[in-house]
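We did not get these values from a lab; they are worked out from the coordinates using the rules stated. Remember, predicted model here, so these are calculated numbers, not experimental data. Cβ placement follows ideal geometry from the backbone for every residue including glycine, while neighbour counts extend to all protein chains displayed.
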Amino acid sequence: MNNIIISIDGPSGAGKEKIAKYIAKKYNLYHLDSGLLYRRLTYLIIKNKVNFYDKNELVFFLKSLKKISTRKNKALRNEKISSATSIIAKNQIVRNFINNQQKIIVKKIPKKRRGCVIDGRDIGSKVFKKAKIKLFIHAKPQIRAKRRHKQLIAQGEKSIYSRILRNINLRDKTDKKRSKSPLVVPKRAVIIDNSYSFKSTIKQINKALTKIV
Ligand code: DC
């Protein structure tokens, strides 16, 4: 049986990816980072100079794309792509396209996996409403900004804490207030606070996942 789906939603920088990786490894699940699909699509829109505000042009461009790569790339995480992605992700045509991509990916996960753990903003509330277990990860904005700032510095990039915090607050607002698939706590979701040590987060996660052991 390889149809277990675990959804992980939460705001930007809450630690969804690290948690998803932990769960994927522990329970032999495939990890799908839906934010990465939005980021790659944004990168492609910018690279191909697609006029995103022209509906016909956007639809034409999306039709020309077969499969969005799930390959990770550091450049997709920079602040320019992050900000542009949060604008592009508001568009329903884009959302339908990415949702469809996610369904295709999940259908094709290797048989050896027990299922899939998917992280994003609307996974438990919209895309995979029937997920066996739903998690909602949050952490205080200041803590998320501090972690992101440290990560950028460690990568040798320039970073100003106050700017990172401002961007995080702005992205939270955009994600929560948008009319299409806003960031919400899905029904049945277990809320996990990732403001403290990873050990304390893991404790909460393991408790929430006792159902799938
Ligand atoms: O999780 P992330 O920071 O990599 O997501 C990048 C952007 O994509 C973010 O602005 C929110 C958006 N996103 C979304 O709208 N829905 C998802 N399921 C995943 C990401």
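Details
- Residue within segment 163-172 that is under 20 Å from ILE123 (Cα atoms) and not polar (S, T, N, Q) present: yes
- Being within 11 Å of the ligand (Cβ to nearest atom), part of a helix (DSSP H, G or I), touching a residue at least 40 places away in the same chain (Cβ under 8 Å) and under 12 Å from the mean Cα position of the chain (by Cα) holds for only one residue in THR42, THR85, and it is THR85.
- Among (1) more than 24 Å from LEU183 (Cα to Cα); (2) in contact with a strand residue (DSSP E or B) (Cβ under 6 Å, 6 or more places away or on another chain), the one test that LYS63 misses: (2)
- Set LYS21, LYS25, LYS49: member being farther than 18 Å from PHE198 by Cβ and without any contact (Cβ under 8 Å) to a residue 40 or more places away in the chain: LYS49
So that you can scan it fast, the table gives a plain yes or no per residue for (1) surrounded by fewer than 16 Cβ atoms within 10 Å (Cβ to Cβ); (2) without any contact (Cβ under 8 Å) to a residue 60 or more places away in the chain; (3) hydroxyl-bearing (Ser, Thr, Tyr):
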{"residue": "LEU135", "(1), (2), (3)": "no, no, no"}
{"residue": "ARG144", "(1), (2), (3)": "no, no, no"}
{"residue": "ILE153", "(1), (2), (3)": "yes, yes, no"}
{"residue": "THR174", "(1), (2), (3)": "no, no, yes"}
{"residue": "LYS177", "(1), (2), (3)": "yes, yes, no"}
{"residue": "ILE192", "(1), (2), (3)": "no, no, no"}
{"residue": "LEU209", "(1), (2), (3)": "no, no, no"}
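- Note on segment 135-179: among residues that are under 17 Å from the mean Cα position of the chain (by Cα) and among the β-branched types (Val, Ile, Thr), the one that is farthest from ALA20 (Cα to Cα) is THR174.
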